[in-house]
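Comments concern the structure below.
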Amino acid sequence: MTPEGFEQMFATNYLGPFLLTRLLLPYLEAARPSRIINVTAPSTTRPNLDDLQGERKFSSLGAFGASKAADLLFTYALARRLGGRGITANAYHPGIMKTNLNRTAPTPVRLVAGVVNLFAGATPERASEGLVQFATSVQFADTNGQLMHGGKAITAPFIGDKDLQDSLWKASCSLARVQETI
């Protein structure tokens, strides 16, 4: 738990970026045209809105997947709310990266991650090249409400569910103590 009482993975991967984005909106509006890009992954773990922080049922892999899905749902909800205001909101999936993220994971997870990284992982520097292009290229200036990977829009399960987006938005605003309207 964080000192504020939030489950650490949820707070780090999702609620913190949600709040930061909300706090930066006036500055992004003043600097229009602006781009918001959330770095995430096409998760298949549907967030449980009745147990967002895993208080009743927790697993680190489930919490990670749900936090990444929450990033996507937030991005899509934000893109809808910002449409036509000169600010785009998109998600970017850098792919598999060679990192030490799994160094404290159980041995089987570390072994699988090590093999995947060896054959399919990109260095963080290499993976960030696509993000820089997405953030700066005029080619993507009007792209809004997309999950991008390798310069193309991709999809993930349930991210287009507007009811789920809106329910997560409402819960997140309550947790972050910000207004629902932007």
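No lab work stands behind these numbers, since they all come straight from the coordinates. No experiment lies behind these values; they were computed from the predicted model shown. So basically every Cβ, Gly included, is an ideal-geometry build from the backbone, and we count neighbours across all protein chains shown.
A few comments on the model shown:
- GNM result for the chain, Cα springs below 10 Å: residue of Gln165, Gln139, Gln53 fluctuating most strongly: Gln139
- Per-residue ellipticity at 222 nm, computed for the chain from helices alone with -39500 (n - 2.57) per DSSP H run of at least four residues, works out to -14500 deg cm²/dmol.
- Antiparallel bridge percentage (DSSP; both residues within the chain; nearest 5): 25
- Each of Phe18, Phe158 was scored by other Cβ atoms within 10 Å of its Cβ. Arranged with the fewest first, they read Phe158, Phe18.
- Between region 140-171 and region 1-41, the alpha-carbon center distance in angstrom: 15
- A full extension of the chain between Thr12 and Ser128 corresponds to an added length of 39.8 nm, given 0.36 nm per residue minus the alpha carbon distance.
- In this structure the amide hydrogen of Val39, modeled in the peptide plane, comes within under 5 Å of the amide hydrogens of Tyr92, none closer than 5 places in sequence on its chain.
- Charge tally in the Cβ shell below 14 Å around Gly84, where Lys, Arg are +1 and Asp, Glu are -1, Gly84 excluded: +2
- In the chain, lysine pairs with alpha-carbon atoms under 25 angstrom apart (chain gap of 8 or more, or interchain): 9
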